[in-house]
Amino acid sequence: MTEIVRLHGVPVSIILDRDARFTSKFWKGLQLALGTRLDFSTTFHPQTDGQTERLNQVLEDMLRACVLEFSGSWDSHLHLMKFSYNNSYQATIGMAPFEALYGKCCRSPVC
């Protein structure tokens, strides 16, 4: 949360599942104080949170490929996975997340 606020400001809303970490009085109080709306997905229906489920699937596939390629040192390559995802075209927004955030394509030797 600290990094999100530092880099992007306080979110208007957050979509979450009903995990106890997010339904606690502390979390709800913090978000109320920040003015952030909490939008909860339906319990036991992960398909109602399709955005998150799709992202989780993509990241799981990327992690699997990283583990297969780099075996014991896969965790030292997570920054490359993050870079790759943030600079890959996303049909739902019609551009890469980096471009959506900064208004320009990432300048990179591989992009």
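Just so it is clear, none of the values below were taken in a lab; they were calculated from the coordinates. These figures come from a predicted structure and were not determined experimentally. As a convention, Cβ positions derive from the backbone with ideal geometry for all residues, glycine included, and neighbour counts pool all protein chains shown.
For the chain, what is the per residue volume of the convex hull drawn over the alpha-carbon atoms, in cubic angstrom? Write down the numbers at each step before the final one.
Details: hull volume 17.0 nm³, N = 111.
Enclosed volume per residue, from the Cα hull, is 153 Å³.
Quote to one decimal, in nm, the extra length available between Lys25 and Ala65 on full extension: 0.36 nm per residue of separation minus the C-alpha distance between them.
On the way: separation 40, 0.36 × 40 = 14.40 nm, distance 3.89 nm.
Roughly 10.5 nm would be gained on extension.
So which lysines pass the test for Lys82, namely a Cα distance under 22 Å, with those fewer than 8 places away in the same chain ruled out?
In chain and number order, the partners are Lys104.
May I ask for the Rg/Rh ratio of the stretch 49-102, computed from Cα atoms with Rh as the Kirkwood radius, given to two decimals?
Numbers: Rg = 12.3 Å, Rh = 12.0 Å.
We get a ratio of 1.02 for the stretch 49-102.
Step through the residues of the stretch 83-100 one at a time and calculate ³J(HN,Hα) from phi using the Karplus curve (6.51 cos²θ - 1.76 cosθ + 1.60, θ = phi - 60°), rounding each to whole Hz and writing x for Gly and Pro.
After applying 6.51 cos²θ - 1.76 cosθ + 1.60, I find 4, 4, 5, 5, 10, 9, 4, 10, 4, 5, 10, x, 6, 7, x, 4, 5, 5 Hz.
Got a sec to turn the phi values of the stretch 60-67 into Karplus ³J(HN,Hα) couplings, 6.51 cos²θ - 1.76 cosθ + 1.60 with θ = phi - 60°, whole Hz, x for Gly and Pro?
These are the phi-based 3J(HN,Hα) values: 4, 5, 5, 4, 4, 4, 5, 5 Hz.
Could you check the spin-label model distance between Thr2 and Arg107? Points 7 Å from the Cα along Cα→Cβ, value in nm.
3.2 nm
Please give the contour-minus-distance gain from Phe44 to Asn56: 0.36 nm per residue of separation, less the Cα-Cα distance, rounded to one decimal in nm.
Working: separation 12, 0.36 × 12 = 4.32 nm, distance 1.65 nm.
Gain on stretching Phe44 to Asn56: 2.7 nm.
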